[in-house]
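One structure below.
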Amino acid sequence: MHGMSQSKPLYLGPRLRRLRRELGLTQQAMADELSVSASYVALLERNQRPITAELLLRLARTYRLEVADLAGEDAEDYGRRLTDILRDPLFADIDLPALEVADIATSFPGITEAILRLHTAYQRETVALASQRESGGDDAASDPVGEARRYIAANRNFFASLDVRAEELAAEIAQAGDAQDWLKLKGVRLRLVPPDVLVDAVRRFDRHNQQLLIADTLSGPSRDFQTALHIAYSYLREEIGNLLRRETFASKTAEVLVRRALAGYAAAALRMPYDRFARAASARHYDIEALANLFGTSFEQVAHRLTTLHRPGAEGVPFFFIRVDPAGNVSKRLDGAGFPFAAHGGGCPLWNLHGTFGTPGQIRTQWLELPDGQRFFSIARTVSTGGGGWNQPAVSHAVALACAAEHAPLLVYAQGIEPKSAPATPIGVSCRLCPRAACTARAAPPIGREILADDQRRAPAPYVFADD
């Protein structure tokens, strides 16, 4: 039989469990349909019993599946996953021959599953510990910014209801002429006024006179975005409220920050409607400057929008976005890709994101590699906010988009380059989470490593560890 061997037992635990859950069956219900006991199904799902050829055929007939699909080797998947986690620098000093790893995955699937779960828990707790140390506590209410970022990341920065409604409104606005004409139909007058009239604001809605006041010193894209924000707060209030009511936040501040983020998302969706923007992004090979010119938006606004392209059937390249100031403080993170540096990344000085301040306005690209071997492609540039007049200083930030290396050839910035062979800069998520002991750019020792006391020698790296 294809996929099975007379001498090699076949374990299908995780696959059988996924199949049962997809079918909506209990272990007892599946057992009844296969004419076996529920305890036997439980043993099979825990990989404590190999599946027989007879039962494999019965599964295929009962649920109308291909035997070859069912009998595909779980051991291969286990072996691949086990090999991936054993690349962790935690195991760097242990000899782990590939043949032994494959034998463990094949012969001891239960132990393999236990190792995988332990490593997942270890990674999760390491990140949690770093977060607690950096924030000075573990109370969610004390970190509303982190809570808001986690909410956005949990949704992969994609909110379908906002996109759908924004597309409808964008079509209405286009039919009316532009946003100013559309607001006029709603009884709202748009006025550009000097900043001193707004008193420390760039946008204000005068409800009594039904006037939307926007600072006349803003750039064109910024004016248009502030107009779109007003429309989002006023005419997508119901959709934003529905999203907020589905969540419970630890503090009112966190809820306010999430509301602000959702309004910004809706405003971007109004300026760059999903379907049109996704098609343009693909056709222009994600050329950020070209897209900004096409939609009359800024570089940063386009970068934001590119993290949101997750509509089923019309997905774009998954991106992670980060913005830092010249001191390295992270002022914004948008995770549309589930990347490992979504919560804490951005602090590695080897990432050329931080070097863009020396080349303002120029795009810099870089291939990146994390300690576990994961590779990414980064696009970074400086952007400015504020200014617009004498004694109104502009503020510079560096922004970066990063995608998984395998997606990079889809981008205009990396066309014709083979991701696997491109020279990559070894970076870390942050110094506290980076195990690269010999890194000369390290600012702090990693969690769990003891520093070696050595009065007679000074190594190039700022720290030498006791177990090196």
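The values are calculated or read from the model by the stated rules, or taken from the named source; none is laboratory data. Just so it is clear, the model here is predicted, and its values are computed rather than measured. Every residue, glycine as well, gets a Cβ built from its backbone with ideal geometry; the counts of neighbours run over all protein chains shown.
Results, tabulated for the structure shown:
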| quantity | calculated |
| --- | --- |
| Residue in the stretch 445-457 that is in a loop (DSSP other than H, G, I, E, B) and at pLDDT 75 or above present | yes |
| Helices (runs of 4 or more DSSP H) lying entirely in the stretch 7-59 (those with 1 or more residues that are at pLDDT 85 or above and crowded, with 17+ Cβ neighbours inside 10 Å) | 27-34, 38-45 |
| Selection count, the stretch 355-374, where residues are at pLDDT 90 or above and either outside any loop (DSSP other than H, G, I, E, B) or charged (D, E, K, R) (or both) | 10 |
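Rundown of residues vs (1) in contact with a Pro (Cβ under 7 Å, 6 or more places away or on another chain); (2) surrounded by 22 or more Cβ atoms within 10 Å (Cβ to Cβ); (3) closer than 16 Å to V412 by Cα, yes/no style:
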{"position": "A283", "(1), (2), (3)": "no, no, yes"}
{"position": "G296", "(1), (2), (3)": "yes, no, no"}
{"position": "T307", "(1), (2), (3)": "no, yes, no"}
{"position": "P312", "(1), (2), (3)": "no, no, no"}
{"position": "V330", "(1), (2), (3)": "no, no, no"}
{"position": "L353", "(1), (2), (3)": "no, yes, no"}
{"position": "T359", "(1), (2), (3)": "no, no, no"}
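Yes/no matrix, rows are residues, columns are (1) part of a strand (DSSP E or B); (2) surrounded by 15 or more Cβ atoms within 10 Å (Cβ to Cβ); (3) over 21 Å from the mean Cα position of the chain (by Cα); (4) among the small types (G, A, S):
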{"position": "F376", "(1), (2), (3), (4)": "yes, yes, no, no"}
{"position": "H397", "(1), (2), (3), (4)": "yes, yes, no, no"}
{"position": "A402", "(1), (2), (3), (4)": "yes, yes, no, yes"}
{"position": "Y413", "(1), (2), (3), (4)": "no, yes, no, no"}
{"position": "A422", "(1), (2), (3), (4)": "no, yes, yes, yes"}
{"position": "R436", "(1), (2), (3), (4)": "no, yes, yes, no"}
{"position": "C439", "(1), (2), (3), (4)": "no, yes, yes, no"}
{"position": "P460", "(1), (2), (3), (4)": "no, no, yes, no"}
